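For reference, the structure is listed below as C-alpha cells.
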Amino acid sequence: MNKEKILENKLFLYLTEFFAGMSVMAVELGASRLLAPYFSSSQIVWTIIIGTIMIAMALGNIYGGKSADKKPSPSILYKRILISGIWIAMIPVLGKYVILAVSALLIFTVNSNFLIIASFTACMVIFVFPLFLLGTVTPSLAKYCVESLEDSGKTVGTLNAFNTIGSIIGTFVPTFVTIPSVGTSITLLIFAGILIALSMTYFISNKTNKNKITITISSIIFILCCIFGYSDSFAFWETELAYEGESIYNYLQVKESDKNVILSTNVLFGVQSVYMKENSLTGMYYDYAMAAPLMMDKDTEDIELLILGMGTGTYATQCKKYFGNVKIEGVEIDEKITQLSREYFHLPKDVHVTTYDGRAFLNAVDKKYDVIMVDAYQDITIPFQMSSIEFFTLVKEHLSENGVMVVNMNMYSSAEGNINQYLSDTISSVFSEVYTANVSGSTNRELFASDNPDMCNIFEEKRKALDDNDLYYMMEQVAGNLEIYNKGNYIMTDDKAPVELLGMKVIDELIKDEVAYYKDIYKRNGLSGILDLFL
C-alpha cells in the first residue's frame, strides 16, 4: 500500500480517530434530545439509543476491518466519513418529520409497547447508518497506521486514546455548552461540519477533478442543511408559541392564549404548569392539591410549604392567591424553568426557588415544613429516587408534627400493579393515614398522607369555613372524591423501583384509548378516511 502524502504524518490519522469518537458521542446525545420531546427521556429511551448505536458501531467495526483488508484505500474511508457528516447534517432538517412519520405509521399497526417500538424504529432509521459508517473508522485507521507487528500495540493504543479523548469531549461539550446555548439542531450541524471539514481536508490534499466535484456537492448540501436545519423548533406545526427552547434537562415549550399560559416538556402530550390570567382555578390537579394546607390544624397564613418539583410555580401561585401570605419554598432542578416562571408565569417574587434535585435538597437541609408537595412526576419520566420508601421516609422526617404530604400521580390506570398502586402502597408503608382523590376529567390522582388521624376532620371543618366561593366548591368536590387508601404489597425501594416499565404500560393504555377512534376509521375507510377528518 502506497501512502498518500497527507497520511505520511500519523497525526492526521490520529485526529481523524479523535473527531470520529467525538462525533459519535455528540450524535448519541443529540439523539436523546431529538427523541425526548416525542418519546420522553426515560431510561428506556436511553437504553434504546445506546443499544442501537452500539449495534451500528459493532457492525461498522466488522465491515470496516474486512474492507480495509480487502481494499486498503484511505479515499474510501474519508468518503464514508463525508457521507456520515452529510447524513448527520440532514438530521436537523428531516429528523422531526421522520419521527412523526414513523409514529403515525406505527400507531395504527402496533397494539402494545408503542413508545418502545416507535423510538427504536425512529432511532434505527435516523442514526444507524451514519454511526455504522463512523464505526468503520477505527479498524481502517489501524490498517493505515500499523507499519509492523513490533509497534502494533503502541499504534492501536494511541488510536484508542485519541478516540477516547474525543468521546470525552463529545460528551461534555454538547451537554454543557452547545445544546443549552444553541440547541440540538445546531449542535448536530456543528459536529457534522467537523466531519465534513475533516474529509474535505483529505480530498483537497489530493487535487483531482473528481475530488473537486465531491467537495463542491458536499459543500452545497451542507450549506442547505444549515439554512433549513438551524431551527430548534420541535413542534414545527405550532405557529404561535410564546417560547420554545432547550435546557440541560428538558425540551421546553410555552404556549399562551387569552385565558392561560402553559408549559410543556413534550410536544405530543402533557401539561407541566399553567398560569391562569384571570386568577381563577386551573381546573387541573393543582386545585385538588390545595386541600393539603386545609388538613393542617394551623392557620393557613402560618403554614410553611415546600414544593419538590416547582415547575413554573402553578401550585405556589394558587396557594398565594387563596391562602394569603403562606410561606412557600420551591425546589426545581431545571434553572431554565425557574427563569420562565418569572418571565411568563408571574411567580410571586417572595417565593424562593432552589435549583437542586428534590431528594438531594432534603438530604442537605434540616428544616421542617407543614406541607410538602411532591410534583416531580411527568409522563413516564418518574425519578426512581423520588418514588421509594427511603425517599418518602426522608419527606416524613422533614414534616412538622401532623404535617401533610401531597403527591401528584399523573398516570391513572385500573390495571392491577399499576404505577400509582406501587406509589400508594409505598407511601402507605411510611405514613399511617393515606387518602386519594381522582381528578375529574384527567388521568391524575392526588394522594394526601400524614400521621395525623384527624386530618380529614380538620379538612371538613376548614373547608366549610371558606369564604371564597370558587375554592369552597372546589374543596367540596375534593371531599366528594376523597377515599381512604387500603394498603397493598407493591413496594418500591432504592434498590428496586421499576418506574419506567410501569409508566410505559400506562402510556400504552392512554395511547390506545386516544387513537381507538382513529383506528376504527382506518379499519373501515383506510388512509383516505383519516385524511378526510383533517381536510
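The values are calculated or read from the model by the stated rules, or taken from the named source; none is laboratory data. From a predicted model like this one, the values you see are computed outputs, not experimental measurements. Cβ atoms come from the backbone with ideal geometry, glycine included; neighbour counts cover every protein chain shown.
For region 238-257, the set of residues classified as modelled with pLDDT under 85 and part of a loop (DSSP other than H, G, I, E, B) consists of 238, 239, 240, 247, 248, 249, 250, listed by residue number.
For every residue, the table says whether it meets (1) surrounded by 15 or more Cβ atoms within 10 Å (Cβ to Cβ); (2) within 30 Å of residue 252 (Cβ to Cβ); (3) touching a His at 6+ places or on another chain (Cβ under 6 Å).
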residue: 39; (1), (2), (3): yes, yes, no
residue: 51; (1), (2), (3): no, yes, no
residue: 67; (1), (2), (3): yes, no, no
residue: 87; (1), (2), (3): yes, yes, no
residue: 102; (1), (2), (3): yes, yes, no
residue: 107; (1), (2), (3): yes, yes, no
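Among residues of region 321-350 that are buried (at least 22 other Cβ atoms within 10 Å of the Cβ), those with a beta-carbon under 7 Å from a residue that is of a type in the set (Gly, Ala, Ser) and not in a loop (DSSP other than H, G, I, E, B) at least six positions away or on a different chain give the pairs 328/316; 330/316; 331/358; 345/273; 347/316; 347/341. Of the numbered criteria (1) among the hydroxyl-bearing types (Ser, Thr, Tyr); (2) at pLDDT 95 or above; (3) in contact with a Lys or Arg (Cβ under 9 Å, 6 or more places away or on another chain), the one residue 38 fails is (2). Checked against (1) surrounded by 14 or more Cβ atoms within 10 Å (Cβ to Cβ); (2) at pLDDT below 95; (3) in a helix (DSSP H, G or I), residue 132 passes all but a single condition, namely (2).
The set of residues in region 395-420 being assigned to a helix (DSSP H, G or I) and either surrounded by fewer than 17 Cβ atoms within 10 Å (Cβ to Cβ) or small (Gly, Ala, Ser) (or both) consists of 397 alone.
Among the residues of region 74-94, those that are small (Gly, Ala, Ser) and within 10 Å of residue 195 (Cβ to Cβ) comprise 84, 85, 89. Does residue 294 fit the bill of being farther than 17 Å from residue 341 by Cβ and either in a strand (DSSP E or B) or modelled with pLDDT of 90 or more (or both)? Considered against the rule, which asks whether it is farther than 17 Å from residue 341 by Cβ and either in a strand (DSSP E or B) or modelled with pLDDT of 90 or more (or both), residue 294 comes out as yes. Could you tell me whether any residue of region 172-184 is modelled with pLDDT under 90, surrounded by 21 or more Cβ atoms within 10 Å (Cβ to Cβ), assigned by TED's automatic domain parsing to the domain that holds residue 99 and at negative phi? Yes, the conditions are met somewhere in region 172-184. For region 400-424, the set of residues classified as farther than 15 Å from residue 445 by Cα and touching a strand residue (DSSP E or B) at 6+ places or on another chain (Cβ under 6 Å) consists of 400, 403, 404, listed by residue number. Would you check if residue 329 is within 28 Å of the chain's Cα centre (by Cα) and within 25 Å of residue 466 (Cβ to Cβ)? Yes: the conditions hold for residue 329. Restricted to region 91-100, and to residues there that are touching a Gly at 6+ places or on another chain (Cβ under 9 Å) and surrounded by fewer than 21 Cβ atoms within 10 Å (Cβ to Cβ), the residue that is farthest from residue 127 (Cα to Cα) is 93. Would you tally the residues in region 62-88 being in contact with a Leu (Cβ under 6 Å, 6 or more places away or on another chain) and small (Gly, Ala, Ser)? Count: 2. Just one of the listed residues (110, 102, 98) is out of contact with any strand residue (DSSP E or B) (no Cβ under 7 Å at 6 or more places or on another chain), aliphatic (A, V, I, L, M), assigned by TED's automatic domain parsing to the domain that holds residue 37 and not in a helix (DSSP H, G or I), namely 110.
Filtering region 165-190 to residues that are hydrophobic (A, V, I, L, M, F, W, C), under 20 Å from residue 226 (Cβ atoms) and under 19 Å from the mean Cα position of the chain (by Cα) leaves 173, 177, 179, 182, 186, 188. The set of residues in region 377-391 being out of contact with any Leu (no Cβ under 9 Å at 6 or more places or on another chain) and either at pLDDT below 85 or assigned to a helix (DSSP H, G or I) (or both) consists of 378, 379, 381, 383, 384, 385, 389, 390.
Only one entry in 337, 328 is in the same structural domain as residue 302 (by TED's automatic domain parsing), aliphatic (A, V, I, L, M) and either over 24 Å from residue 302 (Cα atoms) or touching a Lys or Arg at 6+ places or on another chain (Cβ under 6 Å) (or both), namely 337. Take residue 213 and decide whether it is out of contact with any strand residue (DSSP E or B) (no Cβ under 7 Å at 6 or more places or on another chain), at pLDDT 80 or above, not assigned by TED's automatic domain parsing to the domain that holds residue 335 and not polar (S, T, N, Q). Criteria met by residue 213.
Only one entry of 260, 279, 250 meets the criterion of being more than 28 Å from the chain's Cα centre (by Cα) and polar (S, T, N, Q), and that entry is 279.
Screening 509, 514 for residues that are buried (at least 17 other Cβ atoms within 10 Å of the Cβ), at pLDDT below 90 and either farther than 29 Å from residue 386 by Cβ or not hydrophobic (A, V, I, L, M, F, W, C) (or both) leaves exactly one candidate, 509. Hey, does region 314-336 have a residue that's part of a loop (DSSP other than H, G, I, E, B) and over 27 Å from residue 360 (Cβ atoms)? Yes, some residue in region 314-336 is part of a loop (DSSP other than H, G, I, E, B) and over 27 Å from residue 360 (Cβ atoms).
Just to be sure before I move on: is residue 10 in the same structural domain as residue 136 (by TED's automatic domain parsing), at pLDDT below 85, within 30 Å of residue 205 (Cβ to Cβ) and of a type in the set (Lys, Arg) in the structure I sent? Against the criterion (in the same structural domain as residue 136 (by TED's automatic domain parsing), at pLDDT below 85, within 30 Å of residue 205 (Cβ to Cβ) and of a type in the set (Lys, Arg)), residue 10 qualifies. Just one of the listed residues (286, 251, 275) is buried (at least 20 other Cβ atoms within 10 Å of the Cβ) and free of Cβ contacts under 8 Å to residues at least 60 places away in the same chain, and it is 286. Would you check which residues across region 452-499 are more than 35 Å from the chain's Cα centre (by Cα), buried (at least 16 other Cβ atoms within 10 Å of the Cβ) and not in a helix (DSSP H, G or I) and list them? Passing the criteria: 452, 466. So in region 69-84, with the set limited to residues that are in a helix (DSSP H, G or I) and not hydrophobic (A, V, I, L, M, F, W, C), which one is surrounded by the most Cβ atoms within 10 Å (Cβ to Cβ)? So, considering only residues that are in a helix (DSSP H, G or I) and not hydrophobic (A, V, I, L, M, F, W, C), the one surrounded by the most Cβ atoms within 10 Å (Cβ to Cβ) is 84.
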